[in-house]
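K.L.:
I have a structure here, written as C-alpha cells, and I will follow up with some questions on it.
The values are calculated or read from the model by the stated rules, or taken from the named source; none is laboratory data. Computed from a predicted model, the values in this text were never measured in an experiment. Neighbour counts run over all protein chains shown; Cβ positions are idealised from the backbone, glycine included. Areas reflect the complete protein model, heavy atoms only, side chains present, ligands, DNA and RNA absent. Shrake-Rupley method; radii C 1.70, N 1.55, O 1.52, S 1.80 Å.
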Amino acid sequence: MSSHSVLSPVVGTDAPDQHLELKKPQELKEMERLPLANEDKTMSANLKYLSLGILVFQTTSLVLTMRYSRTLKEEGPRYLSSTAVVVAELLKIMACILLVYKESKCSLRALNRVLHDEILNKPMETLKLAIPSGIYTLQNNLLYVALSNLDAATYQVTYQLKILTTALFSVSMLSKKLGVYQWLSLVILMTGVAFVQWPSDSQLDSKELSAGSQFVGLMAVLTACFSSGFAGVYFEKILKETKQSVWIRNIQLGFFGSIFGLMGVYIYDGELVSKNGFFQGYNRLTWIVVVLQALGGLVIAAVIKYADNILKGFATSLSIILSTLISYFWLQDFVPTSVFFLGAILVITATFLYGYDPKPAGNPTKA
C-alpha cells in the first residue's frame with residue numbers, strides 16, 4: 001500500500017505533464033510566428049524606405065551629372081546621348097544577370113537553366129516587355145534633350161508631372177483607388193509645378209535668346225512624363241500578373257532597350273558614329289552618367305517591387321531641394337526666386353500629404 005500511495009501521485013501528475021508537453025510544440029510554433037511576422041513587416045518597410053532613399057540619391061546625382069556633362073565645354077566632339085542610352089542598357093543587363101546568378105547560388109548551370117526557362121521558353125511573356133522597353137528608351141533619350149535645354153532645378157520640378165500621369169494610368173489600368181488626401185496632394189503638386197514654371201523677370205528679359213531651347217526642353221519633359229507614367233504602370237501590371245523575378249524582367253527590358261537604342265543610334269547618329277566612333281567624347285564623367293542611368297533602372301524596379309509607382313514619383317520629388325541647391329552653388333546655371341521656392345514647398349507638402357493615411361475611427365466597445 002505504501003508503495004502504491006507513493007506511486008499514485010506520480011502517475012497522477014505525470015499524465016497532465018505529458019499532455020502539456022504534447023501541446024508545447026504547437027504553442028511554440030504559434031508564438032514563433034508572431035515575431036517572424038513582425039520581422040517580415042519591419043523588413044518590408046525598411047526595404048521600401050531604403051529603396052526610396054536610394055532612388056532620391058540616384059535621381060539627384062543623375063540629373064546633376066547629366067546636366068553638367070551636356071553643358072561642359074571641352075575640346076573635341078561631345079559624347080552621343082544615343083550611345084550612352086545603349087551602354088546603360090547593356091550595363092543593366094550585366095548587373096541583372098549577376099543578381100540572378102547570385103539567386104541561383106552562384107551556379108552557372110542553374111543560371112543557364114533559369115535564363116533558358118524564363119526567357120527563351122516563354123517568348124510571349126518576353127515580347128510583352130517590348131512595349132514598355134521601347135517607351136523607356138524614348139524616355140531616356142528625351143532626358144538628355146531636356147537637360148541640354150533646361151537647368152537641373154527647373155527640369156526636376158517639371159518632371160514631377162509624371163506623378164499625375166502615373167496616378168491617372170494607375171487608376172485606369174490597375175484599378176487603383178486613391179483617397180481624398182492623395183487626390184488633394186496631386187492638385188497641390190500641379191500647383192507647385194505651375195509656380196516653378198512661372199517666368200521670372202530675368203527669364204522675361206532673356207526670352208528672345210532662350211525661347212527655342214526652353215520650348216524644346218519643356219516639350220521633351222512633358223513627353224517624358226506621359227511615357228514614364230504609362231511605361232511604369234504597364235511594367236508594374238506585368239510584374240504583379242506573373243511570378244517571374246524582377247531581375248529577369250529587367251533583363252528582358254534591357255534586351256529590347258538595347259535593340260531599340262541601337263536603332264536610334266543608326267537612324268540619328270549613324271554618320272557621326274562612322275566618322276568618330278561609337279565611344280566618341282567619352283570620359284570619366286560620361287561613364288558616371290551611364291552607370292547612374294543603369295543603376296536607376298534597378299532602383300526603380302526595387303521600388304516598384306516594395307512600394308508602388310506613385311510613391312516612387314513622390315520620392316523622386318524630394319530630390320528637388322538637393323537639385324536646386326547644387327544647381328545654384330555648383331552648376332551656377334539657376335537663380336531661385338521666391339515663386340520657385342513656393343512651388344518647391346508645395347511639391348514637398350504634397351509628398352508628405354500623399355503618405356498621410358488617416359485611420360478610420362473605430363468603436364472600441366465593439367468586438
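K.L.:
Glu75 is checked against (1) among the acidic types (Asp, Glu); (2) closer than 29 Å to Trp287 by Cβ; (3) surrounded by 12 or more Cβ atoms within 10 Å (Cβ to Cβ); (4) at pLDDT below 90 and fails just one. What number does that condition carry?
P.N.:
Among (1) among the acidic types (Asp, Glu); (2) closer than 29 Å to Trp287 by Cβ; (3) surrounded by 12 or more Cβ atoms within 10 Å (Cβ to Cβ); (4) at pLDDT below 90, the lone unmet condition for Glu75 is (3).
K.L.:
What tally of residues in the range 105-149 results from selecting those that are in a helix (DSSP H, G or I), polar (S, T, N, Q), open to solvent by 40 Å² or more (accessible area, probe 1.4 Å) and under 16 Å from Gln244 (Cα atoms)?
P.N.:
Summing the residues that are in a helix (DSSP H, G or I), polar (S, T, N, Q), open to solvent by 40 Å² or more (accessible area, probe 1.4 Å) and under 16 Å from Gln244 (Cα atoms) in the range 105-149 gives 1.
K.L.:
For Val85, work out the one condition from (1) in contact (Cβ under 8 Å) with a residue 12 or more places away in the chain; (2) open to solvent by 40 Å² or more (accessible area, probe 1.4 Å); (3) assigned to a helix (DSSP H, G or I) it doesn't fulfil.
P.N.:
Answer for Val85: the failing condition is (2).
K.L.:
Shifting gears a bit: Does Lys102 satisfy the condition of being basic (Lys, Arg), touching a residue at least 40 places away in the same chain (Cβ under 8 Å) and not in a loop (DSSP other than H, G, I, E, B)? I'd like the intermediate steps shown before the answer.
P.N.:
Numbers: basic (Lys, Arg): yes; touching a residue at least 40 places away in the same chain (Cβ under 8 Å): no; not in a loop (DSSP other than H, G, I, E, B): yes.
Considered against the rule, which asks whether it is basic (Lys, Arg), touching a residue at least 40 places away in the same chain (Cβ under 8 Å) and not in a loop (DSSP other than H, G, I, E, B), Lys102 comes out as no.
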